[in-house]
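Worksheet: the structure to be examined is printed underneath.
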Amino acid sequence: MDGQRLPGTSRRERVVAHVDMDCFYAACERRREPALRGEPLVVGMGYEPDESHGAVATASYEAREYGVESAMPISEALDLLPRNVEAAEAPDLDISDAGFYRPVDLDYYESVAGEVKTILQETAETVREVSIDEAYLDVTDVVEWDGAREWAATLKDRIEASVGVVASVGLAPTMSAAKVASDYDKPDGLVVVEPGEVREFFAPLPVEDVHGVGPVTARELATMGIETAGELADADPELLADAFGERGREIRRFARGEDDRDVTPKGDPKSLSRESAFTEATDDGETVRRRVRTLAEAVADRAQRQEARYQTIGIKVVTPPFERNTRARSLPGPVEDPELVESVALDLLEEFAETEIRKVGVRVSNLDFSAGQQASLDGFESAGEESAEPTDSPDTEGQTDLGTFDGSTAADGATRLDTMNGQTTLDEFR
Ligand code: TTP
Ligand code: MG
């Protein structure tokens, strides 16, 4: 990775899954009309006799064999694959080369998607939903590379058995590689790209498969003689910067398998966190405390740059094999106080003094962004500082080799929440 690593932290080792349903709208239609299974099926608008225009939303893989694809004008689809009911009546059409057409029923597809998302939320600690039928999952804490294939197979089985639609799943150490992996062997795909294999996996793929490369960029790259991800990975960064600006360097990094984006849930951050795994689980208190100090500093720094004050400070402690423990303490009001983040985090860690630990995290939550707005109205304290909004774009400031447990869905349910005024309550750690 290009980014610097914080001293005392191990190399980031994330396991990211990308889940994308196969021919999703068609799969939904088949769920409620099983006779459509195995048939060429087109879902779209505007194919009824009195309608002249419309587009294909999706086509089943059987219909794709006739050349029908998403976004194609429906008239073209009908030329390639006549409607089954019409072929039955027309002497010049062969019914075995005809297909079924269904209109789009988004409400129904959203309800099916909701069932899938519920399973994903139960499966992974962090889920980022990116469209009706796809999501990224950070599963670093629930799976090791050794068991990655089996884990994905179980997830696929569970989705198919309980929802009745098929997912393709890709697992990789980065979001962009996981996405390409889920698409690599569709339908019913399951592709695992282990750390160290990412660049090799990307190399033969067309540049369009690289995150951030659209058709226009791909055409321009082609004029420079760059057609595969491997060629992009090896290209002169200066040349790319001349042609595309900073984005040129960025797509080159993606082509090299370097992608430090965190899987974060959509929307405003509810918390900011950093976490880090030990190469081997340790019960050496000083080693753990040192790591927690580093993480506390990184989190406080991040909060400061996002102009976020925080009212709750927490830690996560993962013990072998994957047991997550979270502890948090709430303050009487929001603060911006790096030393307090460190001291509270270390204090909470005391409870785990003799424990063998494989991973630790520090989190601030109950965020308050109003002071930041105030500060920028009042003066120039924040001038020149980059905004660090969590977005889909590469998080350059986050290029420490530290993971995150932002917005986790608290797989372990409840967390003990100490409050400064002595009250102890149970609360979800979000
Ligand atoms: P995709 O995941 O792109 O496509 P898909 O699920 O149909 O097929 P696969 O993933 O197996 O390649 O999109 C998800 C749904 O979004 C798709 O079922 C229909 C809808 N969609 C459109 O309405 N218009 C489009 O142009 C595309 C690409 C998708
Ligand atoms: Mg899909």
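The values are calculated or read from the model by the stated rules, or taken from the named source; none is laboratory data. Computed from a prediction, not measured in an experiment: that's the story for all the values here. Counting neighbours? That spans all protein chains shown, and the Cβs are built from the backbone with ideal geometry, glycine included. The area values use the complete protein model at the heavy-atom level, side chains included, leaving out ligands, DNA and RNA. Shrake-Rupley method; radii C 1.70, N 1.55, O 1.52, S 1.80 Å.
Per residue, how large is the accessible surface of the range 291-341? Use a 1.4 angstrom probe and give square angstrom.
37
Counting alpha carbon pairs within less than 8 Å and at least 6 residues apart, what relative contact order, in whole percent, applies to the range 82-234? Walk me through the numbers on the way to the answer.
Numbers: 171 pairs, mean separation 17.9, N = 153.
Normalised by residue count, the contact order of the range 82-234 is 12 percent.
Quick check on packing: order 335-344, 23-32 by the mean number of other C-beta atoms within 10 Å, highest mean leading.
23-32, 335-344
Pairwise over distinct Cα atoms, reciprocal of the mean inverse distance: report the Kirkwood radius of the range 168-208 in Å, one decimal place.
About 10.0 Å, per the Kirkwood formula over Cα pairs.
Mean separation of Cα pairs under 8 Å and 6+ residues apart, divided by the residue count of the range 272-358: what relative contact order is that in percent?
Over the range 272-358, the number comes to 42 percent.
Probe of 1.4 angstrom, ligands and nucleic acids ignored: what's the accessible area per residue over the range 233-273, in square angstrom?
For the range 233-273, the solvent-accessible area averages 43 Å² per residue.
Multiply the residue separation of Ser111 and Asp97 by 0.36 nm, subtract the distance between their alpha-carbon atoms, and state the gained length in nm to one decimal.
Once the chain is fully extended between Ser111 and Asp97, it gains 1.8 nm.
From the C-alpha coordinates alone, can you work out the Kirkwood hydrodynamic radius of the range 28-100, in Å?
It works out to 12.2 Å.
Given that compact globular proteins tend to follow 2.2 N^0.38 Å, what is the ratio of the alpha-carbon Rg of the range 202-247 to that value?
The range 202-247 yields a ratio of 1.00.
Hey, what D do you get for the range 1-157 in µm²/s if you plug the Kirkwood alpha-carbon radius into Stokes-Einstein at 10 °C and 1.306 mPa s?
Numbers: Rh = 18.2 Å.
After rounding, the answer is 87 µm²/s.
Could you work out the Kirkwood radius for the range 193-325, taking every pair of different alpha carbons, averaging 1/r and inverting it, reported in Å? Each step should come with its number before you reach the end.
On the way: mean 1/r = 0.0553 Å⁻¹.
Evaluated over the range 193-325, this radius sits at 18.1 Å.
Indicate, rounded to the nearest 5 percent, the antiparallel portion of the DSSP beta bridges found entirely in the range 41-112.
50
Over the range 1-147, with the other protein chains present, what is the accessible area per residue in square angstrom, probe 1.4 angstrom?
47
Run the accessible area of the range 239-320 with a 1.4 Å probe and give the carbon-and-sulfur part as a rounded percent.
Of the solvent-accessible surface of the range 239-320, carbon and sulfur hold 39 percent.
For the range 53-160, which whole-number percentage of the solvent-accessible area (1.4 Å probe, protein heavy atoms only) is attributable to carbon and sulfur atoms?
49
Which peptide among 222-231, 122-131, 254-263, 38-47 comes first, and what is the full order, when sorted by highest mean count of other Cβ atoms within 10 Å?
My ranking of the peptides, most packed first, is 254-263, 38-47, 122-131, 222-231.
Between the range 188-251 and the range 102-164, what is the C-alpha centre distance in whole Å?
28
Pairs of Cα atoms under 8 Å, at least six residues apart: use those to get the relative contact order of the range 199-349, whole percent.
On the way: 163 pairs, mean separation 25.5, N = 151.
It rounds to 17 percent for the range 199-349.
What is the log10 of I(q)/I(0) for the range 138-193, computed with the Debye formula using one identical point scatterer on each Cα and no solvent, at q = 0.21, 0.30 Å⁻¹?
Per q value, in the given order, log10 I(q)/I(0) is -0.75, -1.23.
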